[in-house]
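Okay, so here's the structure we're looking at.
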Amino acid sequence: MTELKNDLYLRALLRQPTERTPIWMMRQAGRYLPEYREVRKQAGDFMALCKNPELACEVTLQPLRRFGLDAAILFSDILTIPDAMGLGLYFETGEGPKFERPLRDLAAIEKLAVPDPELELGYVMDAVRTIRRELKGQVPLIGFSGSPWTLATYMVEGGSTKNFSVVKKMMFAEPQAMHLLLDKLAQSVTSYLNAQIAAGAQAVMIFDTWGGVLSPRDYREFSLRYMQQIVSGLTRHADGRQVPVTLFTKNGGAWLADMAATGCDALGVDWTTDLATARSLVGDKVALQGNMDPSILYASPERIRAEVATILASYGQGTGHVFNLGHGIHPEVNPEHAGAFIDAVHELSPAYHR
Ligand code: CP3
């Protein structure tokens with residue numbers, strides 16, 4: 001395997017010294033880039049793009065050609081697993097993801113099989129292998145999955161939701177059905193991420209976008225517990241290197257200490273928690289990733305730079321910080337503003353590593 005030319009991201013996740021703070025952006029490949037929109041048009045629809053390893057590789061690399069990013073993230077989606085389980089994923093323009101066959105009862109959940117990642121999700125592994133080959137060791141490649149709870153919300157609701165009533169009804173009225181579903185998903189996510197690691201992913205991240213809609217008790221029982229199960233089952237060494245694991249629960253600021261206790265290496269933090277607070281909660285147990293509000297990118301480059309300075313100061317001196325947005329970049333953002341954001345991290349962060 002080619003030696004990594006830039007391993008700042010991996011070192012920061014493992015809390016080893018770095019000369020500056022590494023940066024990548026959630027949804028760094030996406031609709032805010034005209035070159036993405038061009039390839040997406042060529043592919044037809046979004047899932048066709050995900051299922052074409054050459055095009056998925058191309059859009060993964062696009063943001064790296066423009067910006068000084070320290071990691072690439074596999075271009076795919078968290079909903080590939082439910083799609084592989086036979087729920088029939090489709091995207092309706094402007095409406096987000098939908099399933100043809102949402103899960104509504106225990107019988108449907110009992111019929112679900114854990115997908116074989118090299119068969120039903122072979123296109124994802126082909127994309128990982130293609131991207132690793134084309135990256136030529138420039139930066140590390142991040143693999144990812146959704147958390148069992150977050151996947152379950154889409155699978156039971158049949159798509160995006162505002163009040164989570166269908167999935168919460170199942171959770172409270174039929175908890176054994178929900179636990180069976182979450183256990184099958186935890187097994188599926190573990191084998192999916194291990195297959196991504198075997199195919200070449202050098203770090204992995206679990207997106208728990210909707211853990212923050214649960215009470216503290218329900219979060220532990222229905223989301224964190226299954227992420228813990230996944231962390232315990234992951235391949236943590238590959239190619240003679242440690243494979244860091246990042247957990248991200250959006251709106252999960254109150255639970256950072258519990259999340260750090262899972263044995264993961266890093267936690268994603270959104271902008272509703274200051275990094276200084278987050279750091280005081282987790283100590284030197286894990287690294288922290290975040291946490292600029294993506295909407296700051298609508299403001300001027302000067303305003304963006306001031307926010308970067310504030311966030312760097314909030315984390316403070318030393319390693320263990322991976323700069324990122326607190327959630328995905330919005331499609332309307334001007335790419336030049338994203339560039340100003342990334343440049344500001346390059347320019348202002350070395351002072352925190354002396
Ligand atoms: O970060 C990256 O660059 C990697 C790619 C990536 C995508 N989705 C591409 C995508 C990642 C890491 C995801 C994860 C994902 N997908 C999450 C977890 C992270 C988060 O955002 O909270 C969730 C909840 C999903 C489910 C999903 N996929 C939704 C809700 C949507 C529609 C949202 C929208 O903006 O319309 C998608 C589609 C999707 N996934 C797009 C991209 C680039 C937009 C598709 C397009 O129209 O081109």
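Quick note: the coordinates plus some simple rules give every number you see, no bench work behind them. Please read all numbers here as calculations on a predicted model, not as lab measurements. No Cβ is skipped: glycine too gets one built from the backbone with ideal geometry, and neighbour counts run over all protein chains shown.
Once the Cα atoms are used to define both axes, helix 53-66 deviates from the longest principal axis of the chain by about 30 degrees.
Note on the chain: with a GNM built from Cα contacts shorter than 10 Å, the maximum mean-square fluctuation among Asn324, Asn334, Asn291 falls on Asn334. Amide hydrogen proximity for Cys264: with H placed 1.01 Å from N in the peptide plane, no residue at 5 or more positions away or on another chain lies under 5 Å. Computed over the chain, the per-residue total of -39500 (n - 2.57) for DSSP H runs of n ≥ 4 gives a 222 nm mean residue ellipticity of -13000 deg cm²/dmol, rounded to 500. The charge dipole of the chain, taken about its Cα centre with unit charges on the Cβ atoms of Lys, Arg (+1), Asp and Glu (-1) only, comes to about 380 debye. Of all DSSP-defined beta bridges confined to the chain, some 25% are antiparallel rather than parallel. For the range 117-214, GluC sites (Glu not before Pro) are listed when DSSP marks them as loop and at most 15 other Cβ atoms sit within 10 Å of their Cβ; the list is Glu118. If a spin label sat at a point 7 angstrom from the Cα of Arg241 along the line to its beta carbon, the backbone N atoms of the range 179-194 nearer than 17 Å would be those of 194. Placing unit charges on the Cβ atoms of the charged side chains and taking the dipole of the chain about its Cα centre, the candidate lying farthest along the positive direction among Thr262, Gln228, Tyr352 is Tyr352. Taking 31 Å as the limit for the C-alpha separation, the pairs Lys51/Lys250; Lys41/Lys168; Lys111/Lys285; Lys5/Lys41; Lys98/Lys169 exceed it in the case of Lys41/Lys168; Lys111/Lys285; Lys5/Lys41. Restricting the calculation to Cα atoms, the range 101-170 yields a radius of gyration followed by a Dmax of 16.6, 48 Å.
Viscosity 1.567 mPa s, temperature 4 °C: Stokes-Einstein D of the range 151-301 from its Kirkwood Cα radius, in µm² per second? Translational diffusion coefficient: 78 µm²/s.
Are there trypsin sites (Lys or Arg not before Pro) in the range 87-165 that DSSP marks as loop and that have at most 12 other Cβ atoms within 10 Å, and which are they? List each step's numbers first, then the result.
On the way: sites: Lys98, Arg104, Lys111, Arg129, Arg132, Arg133, Lys136, Lys162; in loops: Arg104, Lys136, Lys162.
Sites meeting the loop and neighbour criteria: Lys136, Lys162.
In this structure the amide hydrogen of Val322, modeled in the peptide plane, comes within under 5 Å of the amide hydrogens of Leu288, Gln289, Gly290, none closer than 5 places in sequence on its chain.
Principal axis analysis of the Cα atoms in the chain yields extents of 58, 45, 42 Å, listed in decreasing size.
The 3J(HN,Hα) values that the Karplus relation (6.51, -1.76, 1.60; θ = phi - 60°) gives for the range 247-259 are, in residue order, 9, 9, 9, 5, 6, x, x, 6, 10, 4, 5, 5, 5 Hz. Gly and Pro appear as x. Taken one residue at a time, the phi angles of the range 286-291 give Karplus couplings (6.51, -1.76, 1.60, θ = phi - 60°) of 9, 7, 10, 10, x, 8 Hz. Gly and Pro are set to x. Compared with the alpha-carbon gap, the fully stretched path from Ala257 to Thr310 is longer by 16.8 nm at 0.36 nm per residue. Rounded to whole numbers, the Karplus 3J(HN,Hα) couplings from phi for the range 4-15 are 6, 7, 10, 10, 4, 4, 5, 5, 5, 5, 8, 6 Hz, using 6.51 cos²θ - 1.76 cosθ + 1.60 with θ = phi - 60°, and x at Gly and Pro.
For the range 197-248, the average shadow cast by the Cα convex hull is 3.7 nm², which is a quarter of the hull's surface.
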